[in-house]
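Have a look at the structure below before the remarks.
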RNA sequence: GGGGCGGUAGUUCAGCGGCCUAGAAUGCCAGACUGUCGAUCUGGAUGUCGCGGGUUCAAAUCCCGUCCGCCCCGCCA
């Protein structure tokens, strides 16, 4: 090693020691004769001092020439700082290094942006120079936490007898899900590999292979549009187990998260996590990933509305729609103007408008006041804090109503952030998902999770008759309103698997071509099995309090899927195209 | 594919009812300074105002197009 110590470790116990430190020049404070500068590495910063009395001319000139971000090796003696100049903000603040020798290991240009806590630099520029941005303590901390978290997960899973196994990255395209990234095969002209959207099928095959307990920290690829919490390549902790039921996967996932979150983030995790059926989540939160930090529950108000003679609303009910709404406290934080804006928004979205009742002491304020029957008012009255709350409600098709209520809830939470319980990690299982949903655009049934998900045993006999009524053996795990993972008990029986394929509209020759290898495997002693996948990037984002998964990934991509650093994706040499039998003809693509 | 916001010194931003020979802060460069740690003080340099076209005597500013970035919807079995 070039260095004897790192830049974050020396303290009063080292007084008088001769040390060698390596790092980046962080901040030069030149007082003419006396000069200070900090030397920084991953571990911290240490002050170096050069005084004319103790420094010869050559060294003095060298120190004078230093610039920020130069990489240096400092030889010096650990000395106590004069008492009044101790810096309590840093762990090394009681000492400084009296410089004896200085080697410049590498110079640096002035940085394209400043390294600071409050870095407002445009993200594009920072991605172009990501290696500089990574010098920021925040990103370093994020990447380190991520590494430690993975270590904790491995530690737990290995102790539970799991076998970490790599599955192929060059594999077969399996449409039906997200768009695949494809890779041409030079040795098989005209054919393509696909990058895996997840190791799903391989992990099931590993169960057939008797591996019994598998995990992998797996890179997955999906060629879809990006978001703050979605990258085209991302990492998931992928787990699969044999001879299990839902409870086993749920239980081990809870213990895994407890082990890793408590171990790395020092935050208590209480298990088991609460659970909510999909139907409850949808009716009470209008979402399959409820944020239970917010105590705002949607209620069906049909009964109360029926008691009144508000025509518009009753018409909605008569036509099979719903009237739903929610009450929230601290209603005085919302002005009449805010409410009017929400009302206008609902009208813009094609609704009749937003119904509202403001509770003031025992009195109410509402545009519908004179239409509301006494009994209705009583029924609508909130249980908690009736004196200062607001009820919002609207009617229409349930899906539409839920979407609009969600949007309104968002606005309310922006205005009254106190309604979000601060500083908690609310894990939640969402269970009892439907097996299928109807895709109106394509006019067909599709799997809610994926087509390898097992139906609930009691629903198997009725699959043909009432496929949309079937429930699945799937479970999602949600953290503060974000889906961080999902899994299921899989189908391990060939004929059931084929039945599911047919139900989602795949012809026999199509599913045999695409999934024949899986179907074959199911006939050679496939054990009952199931598993889960946790989105690592997103989980880290939430744990670290970041707003984007890009802050948890060393080299993320932009919203257009490009990399400003390497300029990927780029064109390739003609020779490569030719070898892969690829012709590029951009104008023909829309 | 759609909606919103943004693009002006290296960086972050102001200027956007046309006169700007484009400013501020910070960074950078030079000088001063022996206890600083966001050092301080003095001085200096720096701009294809994203790109292309149009309107105008005159465009950073108005209009059209386009590119790039971010957020959201669709999409993400």
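Structure summary
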item: Length-normalised contact order of chain A in % [C-alpha pairs under 8 Å, at least 6 apart]; result: 13
item: Shape category assigned to region A:284-382 from the gyration tensor of Cα positions, a/c cut at 1.5; result: rounded
item: Mean Cα-pair separation over length for region A:340-456, i.e. relative contact order, pairs under 8 Å, 6 or more apart, %; result: 17
item: Nearest-0.05 FRET efficiency for residue A:574 and residue A:348, computed from C-beta distance (R0 56 Å); result: 0.60
item: Rg(Cα)/(2.2 N^0.38 Å) for region A:267-319, N = residue count; result: 1.66
item: Rule-of-thumb Rg ratio for region A:410-524 [Cα; 2.2 N^0.38 Å; N residues]; result: 1.36
item: Model label zone, residue A:442; criterion: amide N under 13 Å from point 7 Å along Cα-to-beta-carbon; scope region A:177-214; result: A:177-180
item: Calculated FRET efficiency for the pair residue A:31/residue A:268, C-beta based, R₀ 41 Å, to 0.05; result: 0.25
item: Between region A:136-169 and region A:245-287, the Cα center-to-center distance that results, in Å; result: 19
item: Overall form of region A:499-590 per C-alpha gyration tensor (a/c, 1.5; a/b vs b/c); result: oblate
item: Ordering of A:45-57, A:281-293, A:526-538 by packing [mean C-beta count within 10 Å, highest first]; result: A:526-538, A:281-293, A:45-57
item: Inter-centroid distance (Cα atoms) of region A:367-394 relative to region A:546-574, Å; result: 51
item: Separation in nanometres of the label points that stand 7 Å from Cα toward Cβ, at residue A:421 and residue A:524; result: 5.0
item: Relative contact order %, region A:405-540, counting alpha carbon pairs below 8 Å whose residues are six or more apart; result: 23
item: Rounded to 10°, Cα long-axis angle of helix A:137-159 versus longest principal axis of chain A; result: 60
item: Pairwise Cα inverse-distance average, inverted: Kirkwood Rh of region A:318-366 (Å); result: 12.4
item: Shape category assigned to region A:7-72 from the gyration tensor of Cα positions, a/c cut at 1.5; result: oblate
item: Cα centroid of region A:478-509 to Cα centroid of region A:182-206, whole Å; result: 20
item: Between 0 and 90°, nearest 10: helix A:336-348 axis offset from chain A longest Cα axis; result: 60
item: Value of [θ]222 nm, deg cm²/dmol, for chain A, DSSP H segments ≥ 4, -39500 (n - 2.57) each, nearest 500; result: -8500 deg cm²/dmol
item: Using a Förster distance of 60 Å, the FRET efficiency for residue A:120-residue A:379 (Cβ separation, nearest 0.05); result: 0.75
item: Gain in span if fully extended, residue A:456 to residue A:13, counting 0.36 nm per residue against the direct Cα distance; result: 153.0 nm
item: Fraction in percent of alpha-carbon pairs per bin - 5 Å, region A:191-335; result: 2, 7, 9, 10, 13, 15, 12, 8, 8, 7, 5, 2, 1, 0
item: 18 Å cut-off, amide nitrogen to a point 7 angstrom out along residue A:79 Cα→Cβ, residues in region A:6-36; result: A:10-21, A:29-36
item: Tilt relative to chain A, helix A:494-503 - C-alpha long axis, 0 to 90 degrees, to 10; result: 70
item: Residues in region A:14-43 reached by a label modelled at residue A:71 [backbone nitrogen below 18 Å; 7 Å Cα→Cβ]; result: A:20-27, A:39-43
item: Translational D in µm²/s for region A:88-226 (Stokes-Einstein at 37 °C, 0.692 mPa s, Kirkwood Rh from C-alpha pairs); result: 161
item: Using distinct alpha-carbon pairs, which all enter the 1/r mean, Kirkwood radius of chain A in Å; result: 28.9
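The numbers here are math on the coordinates, done by the rules we state, and not lab data. Keep in mind it's a predicted model, so treat the numbers as computed, not measured. Cβ coordinates were reconstructed from backbone atoms using ideal geometry, including for glycine residues, and neighbour counts include every protein chain displayed.
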